[in-house]
1. Using Cβ-Cβ distances only, list the Cys residues of the chain with no partner cysteine under 4.7 Å, sorted by number.
2. Please work out the Cα center distance from the range 480-524 to the range 65-111, rounded to the nearest Å.
3. How many angstrom separate the Cα center of the range 293-331 from the Cα center of the range 215-246?
4. Can you report the principal axis dimensions of the range 70-180 using only the alpha carbons, biggest first, rounded to whole angstrom?
5. Local charge sum around Phe7 (other residues, Cβ-Cβ under 13 Å, Lys/Arg +1, Asp/Glu -1)?
6. In degrees, nearest 10, range 0 to 90: what is the angle between the Cα axis of helix 236-249 and the longest Cα principal axis of the chain?
7. Hull surface divided by four, with the convex hull built on the Cα atoms of the chain: how many nm²?
8. Given a Förster distance of 25 Å, report the FRET efficiency between Ser357 and Asp431 from their Cβ-Cβ distance, rounded to the nearest 0.05.
Amino acid sequence: MTYPRLFEPFQIGNMQLKNRIAMAPMETHLGDPDGAVNEDVIAYYSERARGGVGLVMVEFTCVDGRDGFSSNVPQLRLDNDRFKVGHARLASAIQRGGAKAVVQISHAGRQTKESVIGTTPVSSSAVPLNSIYMNAVPRALEDHEIRRIIASYANTARLAMLAGYDGVMLHGAHGYLLQQFLSPLVNKRDDEWGGDFERRMRFPLEVIKAVKAQLGDKPLLYRMSVLDGLDGGLTIEDSEIIAPRLCGAGVDAIDISWGSLDRADIILEPMSVPEGDRLPYARRIREATGKPVICAGVMRWPDKCEQAVIDGNTDIVSLGRALLADPMWPIKARRGQVEDIRPCTSCNWCIRELAASRSVVCAENPRCGKERDPEIGRYGVGLRASVIGAGPGGMAAALMLDQAGFEVTLYEMRHRLGGNLITSAIPPGKDKLFWYHEFLVRRIEKSNVRVKTDTCADADMLRAARPDAVIVATGSHPAPLDLEGWGDLPTAPAYQALIDEVTLPPSSFERPIVIYGGGETGTETAEHLAKSGHHILLVTRSDARFLARNAEALYRIHLLQRLRVNDSIRVLDHTKLHSIGGDHVTLVARDGMVFEQPASAILLAHGLAPNTELADALSTVAIPVIPIGDAARVARIGEAVRDAYLAVQDLRRLLTLPEAVAC
């Protein structure tokens, strides 16, 4: 057996698992508006259960609809009998898929909005929350309300047992109510429920006692932030004391996490964070409690997961975002088909969409959250398709068209497949994107797709090829830039510097490389070139506070922190580019002052526009021509791959012409 320790049976309390792989609890926003489980939720979890995990931990489920919902809706709930039926169907579906089903139950406390719950958020104390995702000023719970919430936890546990779950998990991590009582930063009470360590412990211990009484012989799990990442907050040393107390009260296993909404950037690590970053902390809790521990946190590859178990760092490996990208991860690992695992790159597009109150997605797996969509099927047998542009959207489209049975030709103007996926992977801390690039290239090599590199496909070439459908994935180009003059100073789009398509002269503090544009491309190019020894002057029209404003929020926190301490990068904000000279650029300051800045080169990162030239030239052909990705609108990798998926689904209708009725 490949990875024998990962795939050996394991037991938590009386719950026997077929392997040591769990699906982490992650919000989906797939439920009904009232929080009920629906067919979309069941399909989503069923697919991951069938993928081979031993344990599915269902996302945070509200214990009290009066004040317990999180800020992101719809959130699942199980606070009265009406919602039990949906949960029973969900638990049964997970179990039929071969996994055990545990539901995570939660009360948001202050991590919500008045607009969501219809009243002022509550917490252990009236300590404000300040987060990139929300701000809240809660009121302190009264004693009778605390006791009511304890009873709500117990009631939800009772309903979970009636629904047929194999166990219950308490969400005591990520800054939710249980953690708010434990935290010395949030719990400022001086009564039975706070004032010192022992009194801060009382609420979670009472919840454990009440919930455990409802479970019979079923196990109780507890998700715990072993540190919150805040000065004066909870530390790993605190958690080495807290965790044994929780286990002594009835917890059968600890699920290791960290952070709170104040530090969301460590809850959901951006791609710059290495694999297995939580493992040393999981080991410490495992040694402190003697109980099984579950550990998530950038666990992406079976080798790393197997070694974590062998080394005694964790008992169970929890896969979160990795199962969004590839629900079949466990089966592929067991079969030794590691190269076929669609890798999660921690791009956090899933988090970006959830933060916007949209349902769960994955940049690389366009079926994530759409598991009820029809299979692509072989509707394209006997037909030909041309895909122009081999970026992530183009490669994904070519692979899905091949899956549909088309004879596919993929055209790429460069020598190498990848397009903007390569550009995106080069800046510091983003090399995980190469995992996805390598995955797509391997899939193309194994497919029947005919690849033509170093080929700039134009309308005449495509007309001569006579395809039945065309997917235009030609990407974007620099937006028009109106300057007073263009001199001989070396000038190029910033992205060309990332992929070494431009040779840059030496630079110095006095004569730096000027990058015009403070968006994601500009800031990343600045960091990349600074790492290569260049001196950079980053010129932006906006305030410096808005650098990389469209970058994924958690990644942006880390990017800006690195820029601030990089002595090779200077930022000049509220400044416009007036003209380019022979050895300088002319700039316009906020007060209208015009001045010359010596420069060794200038790189343009002022914005992009869709490259619509080919799609426009094909507008009169009598076949479907579908622009995707940046060729339709400047977007991100996830949008390009989703466009490819929708295009291939749409072609079924456009080419097979099904009739609604025959009369």
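1. Lone cysteines by the Cβ rule: Cys62, Cys247, Cys295, Cys305, Cys344, Cys347, Cys350, Cys456, Cys663.
2. About 52 Å separates the Cα centre of the range 480-524 from the one of the range 65-111.
3. Result: 20 Å between the Cα centres.
4. So the three principal-axis extents are 44, 32, 23 Å.
5. On the way: positive: Arg5, Lys18, Arg20, Lys332, Arg334, Arg335; negative: Glu8, Glu306.
With Lys, Arg at +1 and Asp, Glu at -1, the net is +4.
6. Computed tilt is about 40 degrees.
7. On the way: hull surface 131.7 nm².
Across all orientations, the chain yields a mean hull projection of 32.9 nm².
8. On the way: r = 31 Å, r/R0 = 1.25.
For R0 = 25 Å, the calculated efficiency reads 0.20.
The values are calculated or read from the model by the stated rules, or taken from the named source; none is laboratory data. Since this is a predicted model, take the numbers as computed values, not measurements. Heads up, the Cβs are rebuilt from the backbone with ideal geometry, glycines too, and the neighbour counts pull from every protein chain shown. Areas reflect the complete protein model, heavy atoms only, side chains present, ligands, DNA and RNA absent. Shrake-Rupley method; radii C 1.70, N 1.55, O 1.52, S 1.80 Å.
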